[in-house]
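K.L.:
I'd like to ask you about the structure that follows.
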Amino acid sequence: MIGFLLRRLGWTVLILIGVSVLVFLLMQLVPGDPVRTMLGMAATGERVEEVRHQLGLDRSLPIQYLDYVAGVLHGELGQSLVLSQPVSSILFPKLLNTVILSAGSLLICLLVGIPLGVLAGARQYSLFDRGSMFLSLAGASVPVYWAALVIVSIFALQLGWFPTSGMYDTRNPGGLADVLHHLVLPAAAAAVVPTAVIARMARGTMVEALQGDHVRMLRASGVPERSVIWRHALRGIMPPVVNIVGLQVGYLLGGIIFVEVVFNWPGLGGQLYTSITAGDMPLIQSGVLFIALVFVLVNLITDVSVALLDPRTRKAA
Amino acid sequence: MSSEIITSSGPATSPARVAGWQRRSQWGLAMRALRRDKVAVAALVVLVAVTLVAVLAPWISPYDPLVGDPRARLLPPGTPGHLLGLDGQGRDILSRLMWGGRYSLTVAVVPVVCAALLALVIGMASGYRGGRRGEAVMRVLDVVFAFPIVLFAIALAAVLGAGLVNTMVAVGITLVPYMSRVVYTSTVQESAKEYVEAARAAGATDLEILRKQLLPNVLSPLVVYGTTLAGLVIVLAAGLSFLGVGITPPAPDWGVMTADGRQVLLEGYAHVATVPGLVILVVALAFNLLGDGIRDALDPHKQTS
Amino acid sequence: MMQEPLLAVEGLRTHFSTEHGIVKAVDGVDFTIERGGILGMVGESGSGKSVTGLSILRLLESRNATIAGGRVLFDGEDLLTKSAKEMREIRGRRISMVFQNAMTALDPFFRVGDQLVELIRLHQRVDRRTARAKALEALELVRIPEPGRRLSSYPHQLSGGQRQRVIIALALACGPDLLIADEPTTALDATVQKQIIDLLLEVNRELGTAILMITHDFGVVAHTCRTVAVMYAGRIVEAGDVRRVLETPEHPYTLGLMRAVPRVKSGGRRRSDRLHQISGSPPVRMADAEGCAFAPRCPEAVQRCSTAEPPRIGFDAGHSVLCHQRLPITEAGRVSA
């Protein structure tokens, strides 16, 4: 187990280096001269060279990359071109908001997707199984921005149960209840696709698990079906299900960008959208980096949880 | 979706002598199995119909997709003469959807096909006698998988800038690692099988083995994956347009239309956004169902005669 | 006055519906097991012997399997008329079942002790501590080394033989009257096989637990059972005292099996003592099949074998056989009067 953890951590470090290289290179793809863009057409060639030197952009790419990584490690992410504020002070509060929205959404995925899949798998080929699996097939194809708009239209505009946008009430902000009230719709919108995929996967693993020899043994020992399914079989499918959930967090984080735009949720995705519209490259760069870091961390947690969930790998050296 | 498809295995293999014959009959069997699959056939019909409508849009669309009547804006679906209603600028939504297919389908299907071709080269080159070098290539691709796929596409599109070609490039680059991994995995699996060994013993060159033995067997999982991926990509590409980093207005791309509809949604006119979104959903679902159908059809265990 | 048998199966029929039609997996099976008795049930895979065992506990009721007829009298009560809840109370408490896959029949995610405690508390109103003590007793009963430590082991930490002992401990934990052992040694090494068989014999002797021993291994039958039933295509084609059946088999199928096994000494078991060395494919009996199911493979078959149902012919000492060619009229002299 210790060996596994060390190997997994080492791999994570390598991936993080890869991610930082990729994000750095991505910015090199930007057409045009960033300094020129920053200073405007009126700036003299001399001034451009001066700023280029100040920013270290006249050095070789590897050196620039090392500069960049050193900055990131010190929490220095550069200056926003548009907001003239440090990128870090803009993004860190938004990171927290995105994590809140993701967590809420993930909770819905787990609370709906897993029971749905388990029930469908336990009643293979029943009407419930067929119905829920058709729904989840359709759900997996839903464009998240469409889901967000439909949800706003129904639950905010027509029924008026929840606010259309934002994270706090504008007149009377604050409090957990206020945030939760604002959280429901965006979290649900972002959860649609991952929930559907998780339900399908959970069903498949459940069907397989219920054909296991130990399940037959439990049934032959008089263990009630309820306990066979929810205690034994569910425990058995946890490692693969957690694995799928971890992968689905990737789709969740991608979808949240759209959801934050539609709901004006003050998170990384909404910020990314604003920055893209404004052409604020330093903010885009760090926004992408932040979301990727969250996903890398989630993958690490997923892999370790899967290993811990299985006594066969847990005890192994 | 991708994780689900990556695990799908290639078709059963055969000794070299009968490989060619079995392959043909395998695709033949698959075609027959596919034709019996009502859901897959329905999905195919939907896709063909949507494509035909998009191709024929200049001749069959009732109105100009770009010119609207400002006095008749936001009329609801069912208005006489305007089956699906009018948008915020008084443009006929049905006509825009018909024309929009030209953008939305192109921007999804072309990158999938191009990425598949590129993936065949990368995946087979690393998978067939690639050894550690091939593995290293796959490790590098793992870095891309550390990004949520949607985020990666958005970042690329944002950097490259909006526009038809840029969007296709952004989407295509995003897909290459995913498809390469599928090709790599099946190439490694197939290379280990005895018919490849037999062909080599019979004096076939590497290129011949790659082309005649491996390519057909690697192709089927890629076709399954690509079809299902197209479902994801149609949603993704329209999403880029929705965010303003894909097709640019006033082009009637379905994502652009959904974004337009968002502006008037709060005024209570939901149809402008929801109708194009529904079309994206239906086309994506059709790709997914067709992908499932092809997968089942290629699975020898499910081809009951 | 004869004592009522512990288990009396009468005319049991279990059908599977497949896409090719209805398969009669068990097609009118009769047998009895006395209290403390051991009945061996032998046959090839697909002969219906496992399905018979599962049918007794009604573990087959699913979409495509139905118990189509007969009675399963356990302690005089028909199990086929019991409710699902009543059946759950019988399973594991009065009748237990042990399956062949020792490697996978335990839940890999729960400790051995927890699995035993769960089962004990399911059937007996005892607190956790008492259940734990009983769990330890059960492990001691099956002669597991270091039973106290084994309670907190996970299944993967045990050897195959130890796992099968734990499975038997689970089966015996609530003191059942009947143990259905479905190929309990198949997945194990030869030496471990003998240990497990000896353990079952010991349990039978000391606790008086009756055993239905389902196996394809004549050696196991010869070593453990007093009576044997030979199954073929869902029917018992020959039954009787073990020694009588093994030494002078009457049914052509049993004869063929005896010939296929080089030499069966009582107590001698080898993994190669399998039954499928007879030529021809194992039988699947469809609903519309006529005549004797063994006819296509039978060296003695005549025309009526494939058209008419074979009769059951009784010999001495409860020995009976299901065959046309053993009619006393045509085969005079074979029946010992």
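K.L.:
Which of the three applies to the range B:233-288, rounded, prolate or oblate, going by the alpha-carbon gyration tensor with a ≥ b ≥ c and a/c under 1.5 meaning rounded?
P.N.:
Cα axes put the range B:233-288 in the oblate bin.
K.L.:
Can you pull out the GluC sites (Glu not before Pro) in the range C:1-81 that DSSP calls coil and that have at most 10 other Cβ atoms within 10 Å?
P.N.:
C:E19
K.L.:
Sticking with this structure for a sec: For the range C:86-150, run through the trypsin sites (Lys or Arg not before Pro) and keep only the ones in DSSP coil with at most 16 other Cβ atoms within 10 Å of their Cβ.
P.N.:
C:R125, C:R143
K.L.:
How many partner chain Cβ atoms sit within 10 Å of a residue's Cβ in peptide B:239-247, on average, as a whole number? Walk me through the numbers before you get to the answer.
P.N.:
Numbers: counts 8, 0, 0, 9, 9, 4, 3, 0, 0.
Per residue, the number of nearby Cβ atoms from other chains is 4 on average.
K.L.:
Using amide H atoms built 1.01 Å from N in the peptide plane, name the residues 5+ places from B:T79, or on other chains, whose amide H lies under 5 Å from its own.
P.N.:
Counting only residues 5 or more places away or on other chains, the set is B:G85.
K.L.:
So which aspartates and glutamates can C:K49 reach, going by Cα to Cα under 16 Å and dropping same-chain residues fewer than 8 places off?
P.N.:
Filter leaves C:E10, C:D27, C:D30, C:D182, C:E183, C:D217, C:E238.
K.L.:
Which percent, to the nearest 5, of DSSP beta bridges fully inside the protein assembly as shown are antiparallel?
P.N.:
Here the share of antiparallel DSSP bridges comes out near 65 percent.
K.L.:
Would you please classify the overall shape of the range C:1-67 from the alpha carbon gyration tensor, given that a ≥ b ≥ c denote the square roots of the eigenvalues, rounded means a/c under 1.5, and beyond that prolate means a/b larger than b/c while oblate covers the rest?
P.N.:
Taking the square roots of the gyration eigenvalues as a ≥ b ≥ c, the range C:1-67 is prolate.
K.L.:
Same structure, new question: Straight-line reach from C:K134: which aspartates and glutamates have a Cα under 14 Å away, not including same-chain ones fewer than 8 places off?
P.N.:
By straight Cα distance, C:K134 reaches C:D114, C:E118.
K.L.:
Quick one: the Cα spread of the protein assembly as shown along its three principal axes, in angstroms, biggest first?
P.N.:
Taking the Cα atoms of the protein assembly as shown, the three principal extents are 122, 66, 65 Å.
K.L.:
Between the range A:59-77 and the range B:26-94, what is the C-alpha centre distance in whole Å?
P.N.:
If we compute the Cα centre of each part, the gap is 50 Å.
K.L.:
Moving on. Considering only C-alpha atoms, what is the centroid distance from the range A:132-151 to the range A:206-258, in Å?
P.N.:
When both Cα centres are located, 23 Å separates them.
K.L.:
While we're looking at this one, here's another question. Which of B:A199, B:A153, B:A259 ends up with the largest GNM mean-square fluctuation for chain B, with Cα atoms connected below 10 Å?
P.N.:
B:A199
K.L.:
How big is the dipole moment of the range B:219-305 about its Cα centre under a simple scheme where the beta carbon of each Lys and Arg is +1, that of each Asp and Glu is -1, and everything else is neutral? Debye, nearest 20, please.
P.N.:
Once rounded to the nearest 20, the dipole reads 100 debye.
K.L.:
Something else: If you line up the long axis of helix B:131-145 against the longest principal axis of chain B, both from Cα atoms, how many degrees apart are they, to the nearest 10?
P.N.:
Roughly 20 degrees, rounded to the nearest 10.
K.L.:
Taking chain B as a Gaussian network, where each spring joins two C-alpha atoms under 10 Å apart, which residue of B:G203, B:G68, B:G123 fluctuates the most?
P.N.:
In the Gaussian network model the winner is B:G203.
K.L.:
Within chain A, what's the longest stretch lacking chymotrypsin sites (Phe, Trp or Tyr not before Pro) that sit in DSSP loops with no more than 12 other Cβ atoms inside 10 Å?
P.N.:
On the way: sites that count: A:Y125, A:W161.
Longest run free of exposed loop sites: A:162-317.
K.L.:
Quick check: the distance between the Cα centres of the range B:232-252 and the range C:153-202, to the nearest angstrom?
P.N.:
The distance from the Cα centre of the range B:232-252 to that of the range C:153-202 comes to 63 Å.
K.L.:
Along the range B:43-55, what does the Karplus equation 6.51 cos²θ - 1.76 cosθ + 1.60 (θ = phi - 60°) give for ³J(HN,Hα), rounded to whole Hz, x for Gly and Pro?
P.N.:
Calculated HN-Hα couplings, in order: 4, 5, 4, 4, 5, 5, 4, 4, 5, 4, 4, 5, 5 Hz.
K.L.:
Shifting gears a bit: Based only on other Cβ atoms within 10 Å, what is the fewest-to-most ordering of A:D33, C:D30?
P.N.:
Working: A:D33 12, C:D30 17.
The order, fewest Cβ neighbours first, is A:D33, C:D30.
K.L.:
About the Cα centre of the protein assembly as shown, how large is the charge dipole given +1 on each Lys and Arg Cβ and -1 on each Asp and Glu Cβ? Please answer in debye to the nearest 20.
P.N.:
For this selection, approximately 1740 debye.
K.L.:
Sticking with this one: Helices from chain A with mean Kyte-Doolittle at least -1.0 and a Cα length along the axis of 30 Å or more, per DSSP H: which?
P.N.:
The answer, listed by residue number, is A:2-28, A:87-108, A:176-209, A:234-263, A:281-309.
K.L.:
Once phi is turned into ³J(HN,Hα) by the Karplus curve 6.51 cos²θ - 1.76 cosθ + 1.60 with θ = phi - 60°, what whole-Hz value does each residue of the range B:281-294 show in order, with x for glycine and proline?
P.N.:
Per residue, the Karplus-derived 3J(HN,Hα) values read 4, 5, 5, 4, 4, 4, 4, 5, 5, 5, x, 4, x, 5 Hz.
K.L.:
Using a cut-off of 9 Å between beta-carbons, work out the net charge of the residues near C:T14 (Lys and Arg +1, Asp and Glu -1, C:T14 not included). Present the calculation step by step, with values, prior to reporting the outcome.
P.N.:
Numbers: positive: C:R13, C:K24; negative: C:D27.
Result for the neighbourhood of C:T14: +1.
K.L.:
For chain A, set up a Gaussian network in which alpha carbons nearer than 10 Å are linked by springs, and say which option among A:A122, A:A209, A:A70 fluctuates the most.
P.N.:
Evaluated over chain A, the most mobile residue of the options is A:A70.
K.L.:
Sticking with this one: For chain C, what is the percent of antiparallel DSSP beta bridges, rounded to the nearest 5?
P.N.:
Restricted to chain C, the bridges split so that about 65 percent are antiparallel.
K.L.:
Next up: Which trypsin sites (Lys or Arg not before Pro) in the range C:178-227 sit in a loop by DSSP (not H, G, I, E or B) and have at most 14 other Cβ atoms within 10 Å of their own Cβ?
P.N.:
Hits after loop and neighbour filter: C:R226.
K.L.:
Using only alpha carbon pairs under 8 Å that are at least six residues apart, calculate the relative contact order of chain C and give it in whole percent.
P.N.:
Worked out over chain C, it gives 21 percent.
K.L.:
I've got another one for you. Would you be so kind as to identify all helices of chain C, as entire DSSP H runs, whose Cα atoms reach 20 Å or more along the helix's own axis and whose mean Kyte-Doolittle hydropathy is at least -1.0?
P.N.:
Values: long enough: C:190-207 (25 Å, 0.24).
Flagged H segments are C:190-207.
K.L.:
Tell me, what is the percent relative contact order of chain A, built from C-alpha pairs under 8 Å that lie six or more residues apart?
P.N.:
Dividing the mean separation by the residue count of chain A yields 26 percent.
K.L.:
Where the only charges are on Cβ atoms (+1 Lys, Arg; -1 Asp, Glu), what is the dipole of chain C about its Cα centre, to the nearest 20 debye?
P.N.:
820 debye
K.L.:
For the range A:131-245, calculate the relative contact order in percent as a whole number, restricting contacts to Cα pairs under 8 Å that are 6 or more residues apart. Walk me through the intermediate numbers first.
P.N.:
Values: 88 pairs, mean separation 33.5, N = 115.
Relative contact order of the range A:131-245: 29 percent.
K.L.:
I would also like to ask the following. For n ≥ 4 DSSP H runs only, could you compute -39500 (n - 2.57) per run for chain A, divide by its residues and tell me the 222 nm figure to the nearest 500?
P.N.:
Here the helix-only value at 222 nm equals -23500 deg cm²/dmol.
Where a number appears in this text, it was derived from the coordinates with a stated rule and is not lab data. These numbers come from a predicted model, not from an experiment. So basically every Cβ, Gly included, is an ideal-geometry build from the backbone, and we count neighbours across all protein chains shown.
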